[in-house]
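A.B. asks: Structure below; questions to follow.
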Amino acid sequence: MPIWKENILGLVPEQDWLSIGFNPTRQNDPVDGLFDDVRTDNLVAYWQTIAAEYQIPMMAQFHAFDTEAQTTFRVPVDTHYIEKGLVKVKINQSERMRALVRSGVREDALYDYVIRDGARLAEQVITRSKVAKNELMATGKITIKENNLNLSPDYGVTEDQTAFELDLSTDADIPAQIQTIVDAALAKGVTLTGLQTARKNITKMRNNAALQKAVNGNIGAGALLSNGALNDYLETEFNLGRIITNDLTYGAEANIREDGRPKITTARYYPDNKITFFATNPAGRLGSCAWGDPPEATVGSLTTATSSVENPYVYIDQWTEDDPKVLWTKASALFIPVLYNPSSLWIATIKGTESSTRSAQTEPQAESATKTRMASK
């Protein structure tokens with residue numbers, strides 16, 4: 001039989017939540033290969049360290065003996081908004097407990113239902129981090145415009161890095177357009193190493209006459225390039241050896257209908273009208289997603305748990321209210337994507353297109369999905 005804290009049905013001991021960990025890395029998420037997840041107890045200090053480490057090296061100067069050394073500077077970092085990256089979501093656990101008990105669910109099975117609810121809440125928090133990473137890839141910034149917040153941390157990605165336009169039509173000179181972007185990055189001391197876009201844009205490039213001729217000669221015009229042939233060409237000619245496609249979607253928001261069931265609006269993580277050219281570090285990373293301590297980690301009883309993993313990415317908290325008598329379960333995290341080098345992103349918009357980020361509303365089949373309004377999943 002499960003051990004309920006304070007003998008309250010559905011109230012799980014803190015050490016049980018903390019022992020789960022909730023790893024934010026997913027094997028099938030392309031952005032996780034570019035931004036790893038790092039746990040830190042000080043987001044500001046971590047960002048400052050990263051900014052100083054990954055900028056273009058500055059040169060010191062020769063000095064005569066007995067002369068004062070030249071004073072250098074620290075790389076400016078926008079720390080004003082870093083610790084505003086608090087993401088949280090909660091669910092009324094009492095409603096679920098009452099429904100399960102009325103359905104005849106055994107008490108030992110109730111524990112599993114509560115744990116799964118907590119895991120789903122944690123997944124929603126983690127999904128918000130994926131949305132932020134992909135927004136950084138697509139725009140060079142992230143926007144936090146929800147729940148009365150309107151923030152936009154400055155990553156130092158300049159307007160000239162995001163103002164490119166690419167024509168992917170059949171007769172366009174795509175190699176020349178790519179060369180323009182590569183040269184612009186080189187002028188800032190950056191050698192581009194890859195690109196990310198939607199799969200349909202890769203297909204357009206495979207159908208482009210200029211690329212077909214560049215790979216197979218004049219007689220190759222009109223013959224669709226294979227993915228392998230295109231990848232080899234981009235790597236050989238432009239050093240773009242890492243081609244990433246991202247067509248994954250998530251539940252962006254939900255509206256509860258009169259019958260109590262939600263309609264979920266889905267959205268793309270990465271818009272289909274963008275191509276992002278990037279330069280990674282030797283480890284193949286563009287940056288990190290820094291995870292810190294939300295208020296729940298420093299206020300309340302979570303810090304007194306006796307058996308837990310060290311520094312979980314997402315905290316699960318539970319509490320009760322007396323009037324009305326309700327048990328709540330909440331997932332929360334403090335995180336911010338960190339870009340190693342502002343000059344590592346060069347973003348182009350596909351000519352003549354608009355982003356189709358949202359799709360038609362869908363109705364989830366899982367019963368548990370009807371219990372929360374999802375801000376981000």
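The values are calculated or read from the model by the stated rules, or taken from the named source; none is laboratory data. Every value quoted in this text rests on a predicted model; they were computed, and no experiment measured them. Ideal geometry is used to build each Cβ from the backbone, glycine not excepted, and the neighbour counts take in all protein chains shown. Remember, those area values only see protein heavy atoms, side chains included, never the ligands or the DNA or RNA. Shrake-Rupley method; radii C 1.70, N 1.55, O 1.52, S 1.80 Å.
A.B. asks: Inspect region 323-333 for any residue being modelled with pLDDT of 70 or more and acidic (Asp, Glu) and give the result as yes or no.
C.D. replies: Kept after step one, since they are modelled with pLDDT of 70 or more, are these residues of region 323-333: 323-333.
Keeping just the survivors that are acidic (Asp, Glu) gives 323.
There is at least one residue in region 323-333 that is modelled with pLDDT of 70 or more and acidic (Asp, Glu).
A.B. asks: Let me ask something else about it. Can you name every residue in region 5-21 that is open to solvent by 20 Å² or more (accessible area, probe 1.4 Å), under 22 Å from Ala119 (Cβ atoms) and not acidic (Asp, Glu)?
C.D. replies: Let us first name the residues in region 5-21 that are open to solvent by 20 Å² or more (accessible area, probe 1.4 Å), namely 5-9, 14-16, 19-20.
In the following step, the residues that additionally are under 22 Å from Ala119 (Cβ atoms) were identified as 5, 8-9, 14-16, 19-20.
Those that are open to solvent by 20 Å² or more (accessible area, probe 1.4 Å), under 22 Å from Ala119 (Cβ atoms) and not acidic (Asp, Glu): Lys5, Ile8, Leu9, Gln15, Ser19, Ile20.
A.B. asks: Still on this structure, please answer the following. Could you list, in sequence order, the residues of region 267-304 that are hydroxyl-bearing (Ser, Thr, Tyr), modelled with pLDDT of 95 or more and over 27 Å from Ala122 (Cα atoms)?
C.D. replies: Thr276, the sole residue that qualifies.
A.B. asks: For the condition touching a strand residue (DSSP E or B) at 6+ places or on another chain (Cβ under 6 Å), surrounded by 13 or more Cβ atoms within 10 Å (Cβ to Cβ) and modelled with pLDDT under 95, what is the one hit in Ala221, Ala254, Ala185? Write out each step before concluding.
C.D. replies: Numbers: Ala221 fails: touching a strand residue (DSSP E or B) at 6+ places or on another chain (Cβ under 6 Å); Ala185 fails: modelled with pLDDT under 95.
Testing whether each residue is touching a strand residue (DSSP E or B) at 6+ places or on another chain (Cβ under 6 Å), surrounded by 13 or more Cβ atoms within 10 Å (Cβ to Cβ) and modelled with pLDDT under 95 leaves just Ala254.
A.B. asks: For region 215-296, list the strands (runs of 3 or more DSSP E) that sit wholly inside it and hold at least 1 residues that are out of contact with any Phe, Trp or Tyr (no Cβ under 7 Å at 6 or more places or on another chain) and among the hydrophobic types (A, V, I, L, M, F, W, C); which are they? Please lay out each step first, then the result.
C.D. replies: Details: elements: 242-245, 249-256, 262-268, 274-278, 287-292.
Fully inside region 215-296 and qualifying: 242-245, 249-256, 262-268, 274-278.
A.B. asks: Does region 120-156 hold any residues that are over 18 Å from Leu86 (Cα atoms), part of a helix (DSSP H, G or I) and open to solvent by 10 Å² or more (accessible area, probe 1.4 Å), and which are they?
C.D. replies: Once the filter is applied, which keeps residues that are over 18 Å from Leu86 (Cα atoms), part of a helix (DSSP H, G or I) and open to solvent by 10 Å² or more (accessible area, probe 1.4 Å), region 120-156 yields only Thr139.
A.B. asks: When region 265-292 is examined, which residues are found to be touching a strand residue (DSSP E or B) at 6+ places or on another chain (Cβ under 8 Å), farther than 19 Å from Ala198 by Cα and open to solvent by 20 Å² or more (accessible area, probe 1.4 Å)?
C.D. replies: Thr280, Arg285
A.B. asks: Residues of region 98-119 being open to solvent by 10 Å² or more (accessible area, probe 1.4 Å), assigned to a helix (DSSP H, G or I) and not hydrophobic (A, V, I, L, M, F, W, C), which ones?
C.D. replies: Here is the first cut: in region 98-119, the ones open to solvent by 10 Å² or more (accessible area, probe 1.4 Å) are 98-109, 111-113, 115-116, 119.
If we keep only those that are assigned to a helix (DSSP H, G or I) too, we end up with 98-102, 107-109, 111-113, 115-116, 119.
If the condition is that a residue be open to solvent by 10 Å² or more (accessible area, probe 1.4 Å), assigned to a helix (DSSP H, G or I) and not hydrophobic (A, V, I, L, M, F, W, C), then Arg98, Arg102, Glu107, Asp108, Tyr111, Asp112, Tyr113, Arg116 are the ones that fit.
A.B. asks: Need pairs with beta-carbon distance below 6 Å; first residue within 13 Å of Asp173 (Cα to Cα) and within region 211-226, second open to solvent by less than 70 Å² (accessible area, probe 1.4 Å) and β-branched (Val, Ile, Thr); sequence gap 6+ or separate chains.
C.D. replies: Between residues of region 211-226 that are within 13 Å of Asp173 (Cα to Cα) and residues that are open to solvent by less than 70 Å² (accessible area, probe 1.4 Å) and β-branched (Val, Ile, Thr), the close pairs are Leu211/Ile174.
Each row is one residue, and each column tells you yes or no for (1) closer than 30 Å to Val326 by Cβ; (2) in contact (Cβ under 8 Å) with a residue 12 or more places away in the chain; (3) part of a helix (DSSP H, G or I).
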position: Ile3; (1), (2), (3): yes, no, no
position: Gly10; (1), (2), (3): yes, yes, no
position: Gln15; (1), (2), (3): yes, yes, yes
position: Phe22; (1), (2), (3): yes, yes, no
position: Asp36; (1), (2), (3): no, yes, no
position: Val44; (1), (2), (3): no, yes, yes
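A.B. asks: Sticking with this one: Which of (1) touching a Leu at 6+ places or on another chain (Cβ under 6 Å); (2) of a type in the set (D, E, K, R); (3) open to solvent by 70 Å² or more (accessible area, probe 1.4 Å) does Arg206 not meet, given it meets every other one?
C.D. replies: Just one mismatch for Arg206, condition (3).
A.B. asks: Go through region 54-75 and count every residue that is at pLDDT 75 or above and open to solvent by less than 100 Å² (accessible area, probe 1.4 Å).
C.D. replies: Counting residues in region 54-75 that are at pLDDT 75 or above and open to solvent by less than 100 Å² (accessible area, probe 1.4 Å) gives 4.
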